[in-house]
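Presented below is the structure to which this report refers.
The values are calculated or read from the model by the stated rules, or taken from the named source; none is laboratory data. Computed from a predicted structure; not experimentally measured. Don't worry about glycine lacking a Cβ; one is built from the backbone with ideal geometry, like all the others, and counts go over all protein chains shown.
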Amino acid sequence: SVVGTIAGGIASLGGASVALTVGTTAAAVIGGVVPVVGFLILGCLVGWAVYRHRKSNQTQSPTQSDAGTRHYLLPNDDRGDKDNDLNNLVNSGPEKSPTLVDVDVTAGAQSADNLQTGQQRPVRNVGDLVAAPEVSRCFGSAAEKAGPVWGAQETTLGPDDLRKGVKTAKRFRVTRNETNVSRREAVTLLQNDKSFREHLIALFRDKAPKYYRFECPPMKSLDDNDNFEVIFYEYPELERWKDRGDPKQFNNQFKRQETNEYTSSDEITAFLNPRKCNLLVCPRPPSNGQDYACYCHIGQFMREAPDDKKHQLLQAVGHAMQKRLEQGHSVCLNSYGATVPWLHVRLDLWPQYTRVKAYKNAFTPQEWSGFQEQYPNPRKNNNKGSIRVSRQSGRRSRSGSRKPGRV
């Protein structure tokens with residue numbers, strides 16, 4: 001009995017010792033493994049954070065404070081170099097024309113890789129998100145060799161910015177390599193830079209409504225360094241012409257000398273309106289039997305007219321703007337077209353037809369009244385006709401009082 005008691009005590013003591021040894025060993029193992037696993041998890045988290053930070057720095061647009069939609073023109077390389085992705089992409093369409101790309105600057109260039117490695121296709125109206133700096137980053141010297149990257153900062157104007165009759169409009173401020181183009185530069189670029197004209201043609205063609213008017217800010221001198229911009233807004237009155245051009249109201253002007261001081265092109269003419277205050281620049285009717293439909297209004301012209309005609313018109317507009325400003329006249333560039341079914345770009349002395357409040361306020365009330373006194377409207381006192389009285393109703397009316405087209 002005594003021996004059994006002693007043996008049981010020894011066995012209990014041995015079991016406790018083994019348990020204590022196992023517990024100590026497990027605690028030591030866990031104490032060593034847990035810190036290692038923790039450091040590994042922490043290292044992974046830090047590495048992921050660094051990776052995301054670097055990735056965001058690569059894709060962030062440098063103009064994040066000016067968020068919104070921009071439009072960039074990827075130019076062609078006319079030298080026929082097909083060894084880089086940029087030219088293959090831009091020149092892959094049926095027309096070798098510059099490509100307008102929509103850019104969301106809040107997203108930056110997250111799809112730049114898609115543009116570089118995607119299928120060879122034109123990107124006009126596809127909406128790929130590619131910021132101009134990323135185009136250069138993706139394609140390197142290819143973008144530089146192709147020429148400047150033209151852009152346009154798009155802003156929506158509302159009732160607070162517009163006068164009665166227009167509820168909304170789109171404003172495009174033109175940029176070159178992320179730098180705003182001034183109004184003074186625009187006058188020179190219109191005359192001498194084909195890529196700039198191509199960019200404007202793309203805006204007029206792709207970013208304006210079907211029937212629209214356009215306006216540019218007033219210029220009072222050639223030293224105007226404010227931002228150059230174009231504003232488009234819907235003008236459904238142009239639908240009345242059913243896209244059929246008719247030049248007969250300008251026939252007398254077309255029959256005159258081929259060129260004058262305001263234009264050096266035989267295809268474009270420029271002449272003053274009857275009040276002698278506004279200069280009208282318009283294409284001559286084609287002599288090759290071409291349909292007049294594309295000459296009906298500015299939208300139809302920019303969509304369907306031959307490219308050389310578009311360039312000739314914009315060159316003539318730039319030339320006429322420079323001449324008028326050199327003569328000491330102010331210039332308000334715009335289109336109207338509701339009374340004459342033939343395209344004519346207006347270089348008005350003051351913004352008499354403007355729908356933009358800022359453009360109207362660029363001239364003081366004294367300047368407005370001065371213009372109206374210096375250039376009175378001859379139609380207010382002429383074309384009165386004779387008064388006749390209806391035998392049935394007794395109403396008085398004036399015969400011969402047909403309202404002519406306002407030009």
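Just checking, how many residues over region 175-192 are in contact with a helix residue (DSSP H, G or I) (Cβ under 9 Å, 6 or more places away or on another chain) and not in a helix (DSSP H, G or I)?
Going through region 175-192 one residue at a time, the tally reaches 5.
Report yes if residue 233 is touching a residue at least 40 places away in the same chain (Cβ under 8 Å), more than 20 Å from residue 263 (Cβ to Cβ) and touching a Pro at 6+ places or on another chain (Cβ under 6 Å), otherwise no.
So residue 233 does not fit the description; no.
Can you tell me which residue is modelled with the lowest pLDDT among those in region 246-301 that are of a type in the set (Val, Ile, Thr) and under 29 Å from the mean Cα position of the chain (by Cα)?
Here is the first cut: in region 246-301, the ones of a type in the set (Val, Ile, Thr) are 259, 263, 268-269, 281, 298.
Filter again for under 29 Å from the mean Cα position of the chain (by Cα), leaving 263, 268-269, 281, 298.
Details: 263: 81, 268: 92, 269: 92, 281: 96, 298: 96.
By that ranking, first place goes to 263.
Enumerate the pairs (first residue in region 199-214 and in contact (Cβ under 8 Å) with a residue 12 or more places away in the chain; second residue anywhere and in a loop (DSSP other than H, G, I, E, B)) with beta-carbon separation below 6 Å, excluding pairs fewer than 6 apart on the same chain, so at least 6 apart or on different chains.
Note: pairs meeting the criteria are 211/235; 212/235; 213/235.
Inspect all residues belonging to region 268-278 and state whether any of them is surrounded by 22 or more Cβ atoms within 10 Å (Cβ to Cβ), free of Cβ contacts under 8 Å to residues at least 24 places away in the same chain, under 18 Å from residue 348 (Cβ atoms) and β-branched (Val, Ile, Thr).
Scanning region 268-278, I find at least one residue that is surrounded by 22 or more Cβ atoms within 10 Å (Cβ to Cβ), free of Cβ contacts under 8 Å to residues at least 24 places away in the same chain, under 18 Å from residue 348 (Cβ atoms) and β-branched (Val, Ile, Thr), so the answer is yes.
For the subset of region 223-243 comprising residues that are in a loop (DSSP other than H, G, I, E, B) and either in contact with a Gly (Cβ under 9 Å, 6 or more places away or on another chain) or surrounded by 15 or more Cβ atoms within 10 Å (Cβ to Cβ) (or both), which member is modelled with the lowest pLDDT? Step through it out loud before you land on a result.
Going residue by residue through region 223-243, those that are in a loop (DSSP other than H, G, I, E, B) are 223-226, 228, 235, 242-243.
Okay, now just the ones that are also either in contact with a Gly (Cβ under 9 Å, 6 or more places away or on another chain) or surrounded by 15 or more Cβ atoms within 10 Å (Cβ to Cβ) (or both), so 224, 228, 235, 243.
Working: 224: 95, 228: 98, 235: 95, 243: 79.
Selected residue: 243.
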